[in-house]
Structures are given as structure tokens and as C-alpha cells.
Amino acid sequence: MTCNHFLDRLYDDPVRAAFRGESAVPPDMASHMLDCRSCQAAYHAAADDDRLLTRALREVPSPAWHGAVLKRLPLRSPVLRRPWIATINESLAWGVLAIAASNVLLNEHSAIGYVVAFSTGSAAALLRPTRTKPVLLLRRSLRWV
Amino acid sequence: MPTKPDETGAQANAEDVDLAQRCQRGEEDAQRSFVHRFGALAYSVCRRSGLGGADCDDVSQQIMLDAFRALPAYRGRSRLSTWVYSLALRRVADHFRAPQRREVPLGSPGDDSVPVSQVRSEALAPDEQAIKCDEDRRVARAVARLPEPERGVVLAYYLGELSVLEIARIFKIPEGTVKTRLHRGRRLLRNELGES
């Protein structure tokens with residue numbers, strides 16, 4: 001490793017983590033420092049600057065500021081509109097599931113029965129009020145079907 | 001064995017995505033954590049950009065609200081802190097661009113009237129705390145006096161804690177240029193702080 005290469009890497013993430021004691025100094029840099037006094041000094045100067053500058057530049061707002069932000073936050077972030085293709089996929093999946101259920105549970109094999117079951121399943125998918133956890137789990141598993 | 005940087009980044013992003021989703025679901029703890037983690041960042045960006053007093057409070061609070069409202073668009077491609085930092089830079093630029101606010105606001109970072117960090121390590125004795133406050137104030141002033149290409153990069157790296165790659169993307173410059181500016185900025189700061 002050359003000195004230029006060493007100095008170039010002083011700003012990389014693993015080195016910054018090493019400055020903060022979150023990880024070890026990369027081995028190639030550590031061995032270079034053993035042989036090169038000036039790079040060793042540059043490393044320690046960069047570590048000092050990291051400590052000083054991150055502390056000096058960061059300001060913490062008052063608790064009143066935090067309170068004001070929390071008070072102004074809407075209860076929930078606005079939910080992005082789902083793409084229509086996802087809605088169609090979901091209602092189809094629920095319709096098919098309802099046909100299967102009517103087949104197994106009610107022993108229903110008529111065309112009208114299929115239509116009714118499919119419509120009920122699709123409508124349930126479209127009209128359900130909230131996405132609850134079990135529904136999410138079911139959706140996840142349906143993705144693989 | 002130390003974790004590879006990209007693995008750490010991916011893990012951090014996964015945690016950020018989780019926080020964003022919990023905020024969207026209306027979980028109070030997550031919202032509190034979001035404001036706690038990124039409030040200081042938004043506030044500091046405003047302060048270091050020269051906003052003081054009520055302007056700083058207003059703009060930084062607006063940044064947090066905008067960030068919160070935009071959370072559904074967060075996909076975890078970058079860290080949440082990078083995302084909030086970029087948003088804060090845009091909002092501060094918008095603030096200065098607004099015609100009624102072209103003048104530099106009262107209370108520049110170099111002003112003694114401007115308080116520095118309000119929360120300090122409680123373990124420090126009062127005199128040590130005063131020395132640290134004074135040192136921080138001197139450093140913040142020195143950073144405020146840096147010439148622009150260096151100043152923006154130094155702030156993004158040390159205040160925003162962005163990686164060189166992230167800074168390169170935001171400022172649309174090569175990574176080598178980011179490192180050169182960081183190096184030059186640090187040298188200028190050392191000269192300035194050494195002289196005073």
C-alpha cells in the first residue's frame with residue numbers, strides 16, 4: 001500500500017467506523033501504519049477531526065421543539081395509492097380462494113355457485129376496511145401460489 | 001470478523017425501512033424515534049446554513065413534517081439519514097430562494113449570540129463543559145467561514161454523516177473530488193483553528 005492510497009482511504013466508511021471504535025482498523029492500513037510514521041499521524045489527525053467536527057456541528061433542538069414537531073405530525077403518513085394491477089391481482093386471488101372454499105366446505109360444484117363464490121371473494125378483497133396482519137400474511141403466501 | 005460495509009449498509013437500510021413502515025402505521029414509539037433520530041440532523045442543517053431563531057425552528061420543523069409525509073415514498077435505497085439530509089438541503093435552499101427571504105437571516109453561525117449545542121454530556125464537569133462548548137463554537141465558526149465547495153462537502157460528511165459515495169451522488173461530483181474537498185477543507189480548518 002502506498003501513502004497516497006492510505007490517505008485516500010481515510011474517508012471510507014470502514015475507516016470512519018474504526019475512528020469511532022465500531023470496528024477494527026482495516027488490516028492493510030494497520031500494517032502500513034506500523035511502517036509509516038507520517039500516515040500514522042495522518043490517521044490520528046483524521047480521527048481527531050472526526051470526533052471534533054461531528055460533535056461541534058451537531059446541535060440538539062430543545063424539548064419544546066421536539067414537542068412541537070410531534071404535535072404537528074399527522075397520526076399516520078398518507079398511504080400511497082396502490083397500483084391498480086395489485087388490486088386486480090388481489091381480488092382475483094380472493095375470488096379463486098372463495099371458489100376453493102365453497103368447493104371444499106359447501107361441496108358446491110355448480111357454475112352459479114362458482115360465480116357467487118368468486119364475486120363474494122373479490123368483493124371482500126375490495127371492500128375490506130383495513131389491512132390487518134393475518135391478511136398481510138395471507139397475501140404474502142398467495143404471492144408464491 | 002468485521003462486517004463488510006455493504007452488508008452493514010443493507011442492514012441499516014432494512015432497519016430504516018422498518019422504522020418508516022411503523023411510522024406510517026401510526027405507531028407512536030416509531031414516530032417519536034423518527035423525530036428524535038432525525039430532528040437534530042434537520043435542525044443542525046438549518047443552523048449551519050445560517051438560519052437562526054424562529055426561522056430555524058420553522059424550517060427545521062417543516063423539514064420533519066415533509067419527511068414524515070414523504071415516508072411512503074422511502075424505499076430504503078439509501079439510509080434514512082441521507083434521505084432526510086438531502087430533503088433538508090433542498091428545503092433550506094427553497095427557503096433562501098423565496099423572494100421575501102433573500103436577506104441573510106439574523107444570527108449567523110459565527111455569532112456569539114447563537115447558542116451551540118444545548119445538550120452536552122452530563123458526565124462532564126461544568127468547567128470542562130464550558131471549554132468544550134467554547135471549542136465547538138470556534139469549530140462551527142471556522143466551518144462557516146470555509147469556502148463553498150469545501151463547506152458543503154465537510155458539512156455533508158461530518159454533520160450529515162454521509163459516505164463519500166452518497167456525497168458524490170448528491171453533489172454530482174466524482175468520489176475523488178469529494179475526498180479532495182474533504183482533505184482541503186480539513187487543512188483550511190486546521191490553519192484557521194491553529195491561528196485563532
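The values are calculated or read from the model by the stated rules, or taken from the named source; none is laboratory data. Predicted model, so just to flag it, every value in this text is computed and none were measured. Positions of Cβ are generated from backbone atoms using ideal geometry, with glycine treated the same way; all protein chains shown enter the neighbour counts. We work out accessible area using only protein heavy atoms, side chains counted, and drop any ligands, DNA or RNA first. Shrake-Rupley method; radii C 1.70, N 1.55, O 1.52, S 1.80 Å.
Checking B:ARG91 against (1) within 13 Å of chain A (Cβ to nearest Cβ); (2) open to solvent by 50 Å² or more (accessible area, probe 1.4 Å); (3) touching a residue at least 12 places away in the same chain (Cβ under 8 Å): exactly one of these is not met. Which one?
Single failed check for B:ARG91: (1).
Residues in the range A:26-47 that are within 10 Å of another protein chain (Cβ to nearest Cβ) and open to solvent by 40 Å² or more (accessible area, probe 1.4 Å): how many?
Residues flagged as within 10 Å of another protein chain (Cβ to nearest Cβ) and open to solvent by 40 Å² or more (accessible area, probe 1.4 Å) within the range A:26-47 amount to 1.
If the requirement is being at pLDDT below 90 and surrounded by 13 or more Cβ atoms within 10 Å (Cβ to Cβ), which of these qualifies: A:VAL69, A:VAL15? Full working, then the answer.
On the way: A:VAL15 fails: at pLDDT below 90.
Checking each option against the conditions leaves just A:VAL69.
Return the total of residues in the range B:154-166 being more than 11 Å from the chain's Cα centre (by Cα) and either in a helix (DSSP H, G or I) or not hydroxyl-bearing (Ser, Thr, Tyr) (or both).
From the range B:154-166, those more than 11 Å from the chain's Cα centre (by Cα) are B:163-166; that's our starting set.
Subset that is either in a helix (DSSP H, G or I) or not hydroxyl-bearing (Ser, Thr, Tyr) (or both): B:164-166.
Residues in the range B:154-166 being more than 11 Å from the chain's Cα centre (by Cα) and either in a helix (DSSP H, G or I) or not hydroxyl-bearing (Ser, Thr, Tyr) (or both): 3 in total.
Looking only at the range B:31-40, decide whether some residue is open to solvent by 50 Å² or more (accessible area, probe 1.4 Å), more than 7 Å from chain A (Cβ to nearest Cβ) and at pLDDT below 85.
Among the residues of the range B:31-40, not one is open to solvent by 50 Å² or more (accessible area, probe 1.4 Å), more than 7 Å from chain A (Cβ to nearest Cβ) and at pLDDT below 85, which makes the answer no.
Quick one: in the range A:86-118, of everything that is surrounded by fewer than 13 Cβ atoms within 10 Å (Cβ to Cβ) and in a helix (DSSP H, G or I), which residue is modelled with the lowest pLDDT? Show your work before the answer.
Step one: filter the range A:86-118 for residues surrounded by fewer than 13 Cβ atoms within 10 Å (Cβ to Cβ), giving A:86, A:100, A:104-107, A:109-112, A:115.
This time we only want the ones that are in a helix (DSSP H, G or I), so: A:86, A:100, A:104-106, A:111-112, A:115.
Numbers: A:ALA86: 68, A:ALA100: 89, A:VAL104: 85, A:LEU105: 84, A:LEU106: 82, A:ALA111: 85, A:ILE112: 85, A:VAL115: 89.
Only one residue tops the list, namely A:ALA86.
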